[in-house]
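The values are calculated or read from the model by the stated rules, or taken from the named source; none is laboratory data. This structure is a prediction, so every number in the text was calculated from the model and none was measured. Cβ: placed from backbone, ideal geometry, glycine included. Neighbour counts: every protein chain shown. Accessible surface areas use protein heavy atoms only, side chains included; no ligands, DNA or RNA. Shrake-Rupley method; radii C 1.70, N 1.55, O 1.52, S 1.80 Å.
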Amino acid sequence: MVDYNEAFKAAVKAVRAEGRYRVFADIERMRGRFPTALYHGGHNEHGVEPREITVWCSNDYLGMGQHPAVVEAMRSAADRVGAGAGGTRNIAGTTHYHVRLERALADLHGKEAALLFTSGYVSNEATLSTISRILPDCVILSDELNHASMIEGMRGGRSVKRIWRHNDLAHLEELLSELPLERPKVIAFESVYSMDGDIAPMTEICDLAEKYNAFTYLDEVHAVGMYGARGGGVSERDGVAHRIDIIEGTLGKAFGVMGGYIAANASIVDAIRSYASGFIFTTALSPVLVAGALASVETLKVSNHLREQHQERAAKLKAVLTEEGLPVMPSVSHIVPIKVGDPVQCKRVTDYLLEEHNIYVQPINYPTVPKGAERLRLTPTPLHTDDHMGVLLKALDDAWTVLKLKRAA
């Protein structure tokens, strides 16, 4: 007889044995006070005692989830149309908020059309798997550090997949040159790689795509809102958005709300809308969320000062941590990774920071990063002050000393 419950217990036990069991922090965001939050995990003689902490690992990169215009747009939408979308867009209809947001996203990326999904994960998985079904005998050339959602999409579409070494143009061209010019091929890559903080050589990738007759698919989830004069991402900043066939993004990071999307020419978007199961058979985003995302997108199109402040904060944090001798990993983006290199120690240091210094940073362990590359991933925002950085620096110095962690060479 199979003991099903024991099988699941054994699976969790194996994760614990490797030191990468994940514990969710019970956190309550405080409107208007980001990056401060309430932590509900502390205890005293009366039980749970909430306490204030400082969040250093949120993907709400610009604090737009707290922006007054976003909060007010969501409140107004709830008052006007209620809470939910009522079902799939095919059955329940499309709210006008969805139509307006898709127009705004198409405009953001200089494309003819856009399509909303319930998350960035779903938009990647659904679109890439659908591309594979629409393009017969397709080969997808995937950067080796692409996100899990992209990998699942490629797997679900059952295309032939070739993996090219991360940001290695010579290897990409080698793989492209082995394929017939007339065979459909898709180059799938990201702009900002969220764990290392490096950026794809986008212009050169577009050059290779044009040379070898390849279709380009770009994941901009960690860059939309953050880069470019209007927040269109690295593709806007580098002036190549018009050379990318599909740009995929999220509304849950810099835009501070929830949802994912693609932007492309009208025929591509129409085909994905018509074939993607991940779009057709799922309930549409709440119009309340869509209204907030629309307000955020439109605000960031004209708020370049937030992007400038954010880049200044990231640069300063890297500088002060490096000066302190902490093992800051190289990064050309807003991501600030600090290497620990061991899953158990990584969890120990984040627990220490939370319990002793009221600082919340989530440990980044396998499978998010390779084994031996465990790290802290800091994400400063325009709302993190010099005082916040000073407290963080002292806390990290204390943790590295007490736990005897390796510092920079």
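Of the residues 229, 209, which is under 23 Å from residue 70 (Cβ atoms) and outside any strand (DSSP E or B)?
Values: 209 fails: under 23 Å from residue 70 (Cβ atoms).
Step by step, each of 229, 209 is checked, and only 229 is under 23 Å from residue 70 (Cβ atoms) and outside any strand (DSSP E or B).
For (1) touching a strand residue (DSSP E or B) at 6+ places or on another chain (Cβ under 6 Å); (2) within 20 Å of residue 343 (Cα to Cα), each residue gets a yes or a no:
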site	(1), (2)
362	no, yes
374	no, yes
378	yes, yes
387	no, no
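How do the strands (runs of 3 or more DSSP E) wholly within segment 1-81 filter down when requiring 2 or more residues that are in contact with a Pro (Cβ under 7 Å, 6 or more places away or on another chain): which remain? Spell out how you get there, then give the answer.
Working: elements: 27-29, 36-39, 51-55.
Fully inside segment 1-81 and qualifying: 36-39, 51-55.
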Residue count, segment 72-89, condition open to solvent by 30 Å² or more (accessible area, probe 1.4 Å) and under 28 Å from the mean Cα position of the chain (by Cα), comes to 9
Check on residue 92, among the hydrophobic types (A, V, I, L, M, F, W, C) and within 28 Å of residue 232 (Cα to Cα)
no
Being in a loop (DSSP other than H, G, I, E, B), crowded, with 21+ Cβ neighbours inside 10 Å and either in contact (Cβ under 8 Å) with a residue 24 or more places away in the chain or among the charged types (D, E, K, R) (or both) narrows 124, 146 down to just 146
Taking segment 99-110 and keeping only residues that are over 19 Å from residue 275 (Cβ atoms) and out of contact with any His (no Cβ under 7 Å at 6 or more places or on another chain), one is left with 99, 100, 101, 103, 104, 105, 106, 107, 108, 109
task: Determine if segment 138-156 includes at least one residue that is in contact with a strand residue (DSSP E or B) (Cβ under 7 Å, 6 or more places away or on another chain) and among the hydroxyl-bearing types (Ser, Thr, Tyr).
output: yes
Note on residue 238: of the conditions (1) farther than 17 Å from residue 114 by Cα; (2) open to solvent by less than 20 Å² (accessible area, probe 1.4 Å), unmet is (2)
The correct count of residues that are open to solvent by less than 10 Å² (accessible area, probe 1.4 Å) and touching a His at 6+ places or on another chain (Cβ under 7 Å) in segment 243-262 is 1
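Closer than 22 Å to residue 119 by Cα and crowded, with 24+ Cβ neighbours inside 10 Å: which single residue out of 227, 275 fits that description?
Details: 275 fails: crowded, with 24+ Cβ neighbours inside 10 Å.
Testing whether each residue is closer than 22 Å to residue 119 by Cα and crowded, with 24+ Cβ neighbours inside 10 Å leaves just 227.
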